[in-house]
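Read through the structure below, which is laid out as structure tokens, and then see the notes.
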Amino acid sequence: MAKRQKEKSPVKPRINWRDERIPKVIGVISILTAVYLSIAFVSYLYTWKSDQDKVLQFSWRMLAQNDLIAENWLGRLGAIISNAFFYWGFGLPSMIFVVLLTRLGFDLVRQRPLGPFWTLTRNSIIIMAFFFFAFRIYFQKI
């Protein structure tokens with residue numbers, strides 16, 4: 001009597017999280033995101049008056065509208081992202097996110113332990129929240 005062979009299921013690709021390339025790729029993506037955010041944020045400081053009325057009522061359809069021209073150096077997406085961080089988020093202290101993403105990227109690429117990064121993140125969020133509330137109280141009285 002012949003044995004039946006089991007049907008082979010399709011091979012699913014598995015991610016080996018211990019592979020040293022994964023943290024490096026995530027680190028490079030983090031650094032590139034930090035560069036993108038820094039350009040969008042600096043541009044927002046110069047172009048927010050002309051872009052805010054265009055991106056204030058956000059919808060994903062805005063990215064596909066050809067007639068919507070944003071003055072932000074990174075176009076519509078840069079205007080939307082920077083408006084989200086500055087208008088709806090922490091305001092000017094949102095620049096700390098660029099520092100955190102850069103530090104995370106370099107630590108991952110250089111394969112350093114992330115313990116000091118998490119301490120920096122905790123302290124940065126506390127500082128960011130403090131300056132957010134301080135700016136809000138100060139500029140509300142003016």
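The values are calculated or read from the model by the stated rules, or taken from the named source; none is laboratory data. Please read all numbers here as calculations on a predicted model, not as lab measurements. For neighbour counting, all protein chains shown are included, and Cβ atoms are generated from backbone atoms with ideal geometry for every residue, glycine included.
For segment 33-50, which positions are of a type outside the set (Ser, Thr, Tyr) and either touching a Ser or Thr at 6+ places or on another chain (Cβ under 7 Å) or not in a helix (DSSP H, G or I) (or both)?
Ala34, Ala40, Phe41
Count of segment 51-77 residues, restricted to those that are over 30 Å from Pro23 (Cβ atoms) and not in a loop (DSSP other than H, G, I, E, B), is 12.
Condition check ((1) surrounded by 15 or more Cβ atoms within 10 Å (Cβ to Cβ); (2) under 25 Å from Trp118 (Cβ atoms); (3) among the aliphatic types (A, V, I, L, M); (4) touching a strand residue (DSSP E or B) at 6+ places or on another chain (Cβ under 6 Å)) across all residues:
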site	(1), (2), (3), (4)
Thr33	yes, yes, no, no
Tyr36	yes, yes, no, no
Asp51	yes, no, no, no
Asn66	no, no, no, no
Ile69	no, no, yes, no
Leu74	yes, no, yes, no
Phe85	yes, yes, no, no
Gly91	yes, yes, no, no
Leu100	yes, yes, yes, no
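Which of the residues belonging to segment 112-123 are within 18 Å of the chain's Cα centre (by Cα) and either assigned to a loop (DSSP other than H, G, I, E, B) or among the polar types (S, T, N, Q) (or both)?
Start the filter on segment 112-123 by keeping residues that are within 18 Å of the chain's Cα centre (by Cα), which leaves 117-118, 120-122.
Matches in segment 112-123: Thr121 only.
Against the definition (at pLDDT 90 or above, closer than 30 Å to Glu20 by Cβ, over 17 Å from the mean Cα position of the chain (by Cα) and β-branched (Val, Ile, Thr)), how does Val109 come out, yes or no? Considered against the rule, which asks whether it is at pLDDT 90 or above, closer than 30 Å to Glu20 by Cβ, over 17 Å from the mean Cα position of the chain (by Cα) and β-branched (Val, Ile, Thr), Val109 comes out as yes.
Here Ile29, Ile15, Ile80 are screened, and the one residue that is touching a helix residue (DSSP H, G or I) at 6+ places or on another chain (Cβ under 6 Å) and either in a loop (DSSP other than H, G, I, E, B) or closer than 30 Å to Leu104 by Cα (or both) is Ile80.
I need the full set of residues from segment 38-49 which are surrounded by 13 or more Cβ atoms within 10 Å (Cβ to Cβ) and within 20 Å of Phe132 (Cβ to Cβ), in order please.
Restricting attention to segment 38-49, the residues satisfying the condition of being surrounded by 13 or more Cβ atoms within 10 Å (Cβ to Cβ) are 38-44, 47-48.
Once the filter is applied, which keeps residues that are surrounded by 13 or more Cβ atoms within 10 Å (Cβ to Cβ) and within 20 Å of Phe132 (Cβ to Cβ), segment 38-49 yields Ser38, Ala40, Phe41, Val42, Tyr44, Trp48.
If only one of Phe139, Phe135, Phe106, Phe85 is part of a helix (DSSP H, G or I), out of contact with any Pro (no Cβ under 7 Å at 6 or more places or on another chain) and free of Cβ contacts under 8 Å to residues at least 24 places away in the same chain, which one is it? Steps first, answer last, please.
Values: Phe135 fails: free of Cβ contacts under 8 Å to residues at least 24 places away in the same chain; Phe106 fails: free of Cβ contacts under 8 Å to residues at least 24 places away in the same chain; Phe85 fails: free of Cβ contacts under 8 Å to residues at least 24 places away in the same chain.
Step by step, each of Phe139, Phe135, Phe106, Phe85 is checked, and only Phe139 is part of a helix (DSSP H, G or I), out of contact with any Pro (no Cβ under 7 Å at 6 or more places or on another chain) and free of Cβ contacts under 8 Å to residues at least 24 places away in the same chain.
Entry remark, segment 12-60: residues being under 21 Å from the mean Cα position of the chain (by Cα) and within 17 Å of Gly78 (Cβ to Cβ) number 24 in total.
Of the residues Ile126, Ile96, which is in a helix (DSSP H, G or I) and within 20 Å of Ile29 (Cα to Cα)?
On the way: Ile126 fails: within 20 Å of Ile29 (Cα to Cα).
Exactly one residue qualifies, and that residue is Ile96.
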